[in-house]
Amino acid sequence: MRGPFVADLVWKTFADPERQWVDDNGVEHVLRQASTGTVTGDVNFAASNVFNSDWDPATKNGAVFGSYVFRSDDETWEGDFAGRMSAEESAGTWDGRSNQGRRLAGTFVQIGEGAYRCEWYVLGIES
């Protein structure tokens, strides 16, 4: 196992979601919103994701989940993320695999608007 690696993820562009609605309970849903950004720190990547969320304005709590791709000249990582959000922050976990057969696991915590501090470990070579 190698790590932890620490880097900041900043989302820079946001496409319109494929679908967005409010259900009968007042929960706001966002489905398949693509975004692009950068990861800088211990490692550097171009980042993209497809984001989903469920937000309850009455409780000021919700869920975030989706998929991501991190690309560098040497390696491409793909995986999934899931977490919770509140009026104060968004935080969660993510995992993935690289095109070189390595696996990673990590966490993210919101540090600003569209910005997250990420920490992860590379778990080794898959057989």
task: Read phi for every residue in the stretch 54-67 and hand back ³J(HN,Hα) as whole Hz from Karplus 6.51 cos²θ - 1.76 cosθ + 1.60, θ = phi - 60°, with x for Gly and Pro.
output: 10, 10, 9, x, 5, 9, 6, 9, x, 10, 10, 6, x, 10
message: Using all alpha carbons of the stretch 81-127, what is the percent of pairwise distances in each 5 Å bin, ordered from the shortest bin to the longest?
response: 5, 21, 25, 18, 14, 9, 6, 2, 0
query: Given the protein chains as shown and a 1.4 Å probe, how many square angstrom of Glu119 are accessible, to the nearest 10?
result: 70
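Taking the Cβ of Val22 as the centre, find all other residues whose Cβ is under 12 Å away and add up their charges (Lys, Arg: +1; Asp, Glu: -1). Write out the running numbers ahead of the final one.
On the way: positive: Arg19; negative: Asp23, Asp24, Glu28, Asp54, Asp56.
Local net charge: -4.
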field: Backbone HN-Hα couplings from phi across the stretch 9-23 [Karplus 6.51/-1.76/1.60, Hz, Gly and Pro as x]
entry: 10, 10, 7, 10, 10, 9, 7, 5, x, 5, 8, 8, 7, 10, 7
task: Express the relative contact order of the chain as a whole percentage, based on alpha carbon pairs under 8 Å and six or more residues apart in sequence.
output: 23
message: Quick check for me: using +1 on Lys/Arg Cβ and -1 on Asp/Glu Cβ, what's the dipole size of the chain about its Cα centre, in debye to the nearest 20?
response: 300
query: What whole number of Å gives the distance from the Cα centroid of the stretch 1-25 to the Cα centroid of the stretch 33-51?
result: 9
field: 5 Å binning of all Cα-Cα separations within the stretch 63-102, expressed as whole percents from 0 upward
entry: 6, 22, 25, 16, 14, 11, 4, 2
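For the chain, count all C-alpha to C-alpha pairs, find those more than 17 Å apart, and express that count as a whole percent of the total. Don't skip to the answer; put the middle values down first.
Numbers: 4661 of 8001 pairs.
So the pairs more than 17 Å apart make up 58 percent of the total in the chain.
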statement: Comparing Arg103, Arg19, Arg71 in a Gaussian network model of the chain (Cα, 10 Å), the one with the largest mean-square fluctuation is Arg19
- request: Provide the net charge surrounding Val109, with neighbours chosen by a C-beta distance below 15 Å and charges set as Lys +1, Arg +1, Asp -1, Glu -1.
  value: -3
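The values are calculated or read from the model by the stated rules, or taken from the named source; none is laboratory data. Here the structure is a predicted model, which is why all the values come from computation and not from measurement. Every residue, glycine as well, gets a Cβ built from its backbone with ideal geometry; the counts of neighbours run over all protein chains shown. The accessibility values were calculated without ligands, DNA or RNA, using every heavy atom of the protein model including side chains. Shrake-Rupley method; radii C 1.70, N 1.55, O 1.52, S 1.80 Å.
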